[in-house]
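The values are calculated or read from the model by the stated rules, or taken from the named source; none is laboratory data. Treat the numbers as computed from the prediction; the structure is a model and nothing was measured. Cβ atoms come from the backbone with ideal geometry, glycine included; neighbour counts cover every protein chain shown. Accessible surface areas use protein heavy atoms only, side chains included; no ligands, DNA or RNA. Shrake-Rupley method; radii C 1.70, N 1.55, O 1.52, S 1.80 Å.
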Amino acid sequence: MTGHHVLVEGTGVRFSCAEGDTLLRAALRAGVGLSYECNSGSCGSCRYELVDGEVRDRRPGAPGLTARDRRRGRRLACQSEPLSDCVVRAPEPAEVTTYRPVTQTALLSAVRPLTHDMSEFVFTAEERAEFAPGQYAMIHLPDGRVERAYSMSNLGNSSREWKFVVKRVPDGQATSILFDKLEVGSAVVIDGPYGHAYLRPERNRDIVCVAGGSGLGAMISIILGAAALPDAVDRTAHLFIGGRTEADIHIPDAVLVARRRLRALHVRTAVSAADGCDPQPECGIAPFRGFVHEAVVGALGENIRDFTYYAAGPPAMTDALARALVVEGGLAADHLYFDRFC
Ligand code: FES
């Protein structure tokens, strides 16, 4: 392998970085838990300082760094490609997840429309599909320059199958390739898994999953993961799905099947637009009128501190949920899991 050696100053931790890989991904591939969330240059969680060596910045001007960060010489590990051996100063190594990310080619095997602007894309990879429920992967689309993070909507499996629920973004470069250009049989590159907002089976608390937009995929995976646990019959799950109108809401069949293995699964929907809508036939409950975080607080009331929460969706949704649960509701922050993609 051609590449460079990276030393994390003051820790004795060293790892190799292949040519063209980023500092962050190389660290995670080597089992070194550098701090991160979005892997895309937005959240700022992977800030570090370059003590020695040379790196190429994939995304100069990325919003993950403030002007003050730049003045202080900070960089983003998820956007830094080493051009030489490097010494870096980084925060204490964070949690290392079970599955190390790998890069592999995958072929599109099916596309299933779910709503007017949301579909499930199924890829078959060349090597493996190993990930924890709730994690995400980076998908490099065929033109080689567009890469986006999407959460898997299935469970790790030996069929090498990676499923993603994707909501079309108006004028979005990546989703226009996915929805309009990619055909069954087309090849993409999948790099993953990544992310910390995955199911924690050791947490002996009932779970609440909150989904918006493409975040639905991660929450499907978490519900499926909970239903596959040996003690699933003793577990209760709540799933809240938010959208602007009822046309944005989809309740996946897989989730309703998972309900049979759990002690209970409560599904609720929330629509933020003012126009009227009918009850969802699958759950028999009229959608909550308002934002999905308001639906969560309204439904769980004074018990909101009794659950472990997983969330995925637009940053405005996850931020509002964190504010409602942690800041206003008194939930311990380590009972709420989501990866920031701001
Ligand atoms: Fe690097 Fe988010 S900015 S992980």
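Starting from the exponent 0.38 and prefactor 2.2 Å, build the expected Rg for the stretch 209-342 from its residue count and divide its actual Cα Rg by it. Present the calculation step by step, with values, prior to reporting the outcome.
Values: Rg = 14.0 Å, N = 134, 2.2 N^0.38 = 14.1 Å.
The value comes to 0.99.
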With springs only between Cα atoms under 10 Å, which of 115, 236, 318 fluctuates most in a Gaussian network model of the chain? 115
Whole-percent carbon and sulfur share, accessible surface of the chain, 1.4 Å: 49
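Starting from the stretch 29-129, pick out the trypsin sites (Lys or Arg not before Pro) whose DSSP state is loop and whose Cβ has at most 16 other Cβ atoms within 10 Å. Walk me through the numbers on the way to the answer.
On the way: sites: 29, 47, 56, 58, 68, 70, 71, 72, 74, 75, 89, 128; in loops: 58, 72, 128.
Here the sparse-neighbourhood loop sites are 58, 72, 128.
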Among 199, 121, 324, whose Cα lies farthest out toward the positive end of the dipole of the chain, if unit charges sit on the beta carbon of Lys, Arg (+1) and Asp, Glu (-1)? 324
Show log10 I(q)/I(0) for the stretch 102-194 at q = 0.13, 0.18, 0.22 Å⁻¹, two decimals, from a solvent-free Debye sum over equal Cα scatterers. -0.36, -0.73, -1.12
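Charges only on Cβ, +1 for Lys and Arg, -1 for Asp and Glu: so what's the dipole of the chain about the Cα centre, in debye to the nearest 20?
Numbers: 38 positive and 42 negative charges, 71 e Å.
The dipole magnitude comes to about 340 debye.
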Can you divide the C-alpha Rg of the chain by 2.2 N^0.38 Å and report the result to two decimal places? 1.00
Under unit Cβ charges (Lys, Arg +1; Asp, Glu -1), what dipole magnitude, rounded to 20 debye, does the stretch 52-202 have relative to its Cα centre? 560
What's the angle, to the nearest 10 degrees (0 to 90), between helix 216-227's Cα axis and the longest principal axis of the chain? 80
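Below 13 angstrom from the Cβ of residue 30, what's the summed charge of the other residues (Lys, Arg +1; Asp, Glu -1)? Could you put the intermediate results ahead of the total?
Values: positive: 14, 25, 29, 100; negative: 21.
In short, +3.
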Which whole-number percent is the relative contact order of the chain (Cα, under 8 Å, 6+ apart)? 14
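Which loop-located GluC sites (Glu not before Pro) does the stretch 179-271 contain, where loop means any DSSP state but H, G, I, E or B and the Cβ has at most 14 other Cβ atoms within 10 Å? Write out the running numbers ahead of the final one.
Numbers: sites: 183, 202, 246; in loops: 183, 202.
Sparse-neighbourhood loop GluC sites (Glu not before Pro): 183, 202.
Rounded to the nearest 20 Debye, what is the dipole magnitude of the stretch 149-262 about its Cα centre when Lys and Arg each give +1 and Asp and Glu each give -1 at the C-beta?
Details: 13 positive and 12 negative charges, 48 e Å.
Here the size comes out at about 240 debye.
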GNM on the chain, Cα springs under 10 Å; top mean-square fluctuation among 197, 174, 270 goes to 174
Through the Karplus equation 6.51 cos²θ - 1.76 cosθ + 1.60, θ set to phi - 60°, convert the phi angles of the stretch 171-181 into ³J(HN,Hα) values in whole Hz; use x for Gly and Pro. 6, x, 5, 5, 6, 5, 5, 4, 7, 10, 10
Run lengths n ≥ 4 of DSSP H only: what is the helix-derived mean residue ellipticity at 222 nm for the chain, with -39500 (n - 2.57) per run over all residues, to the nearest 500? -4000 deg cm²/dmol
Loop only per DSSP, at most 13 neighbouring Cβ atoms within 10 Å: give me the GluC sites (Glu not before Pro) in the stretch 23-81, ordered by residue number. 54
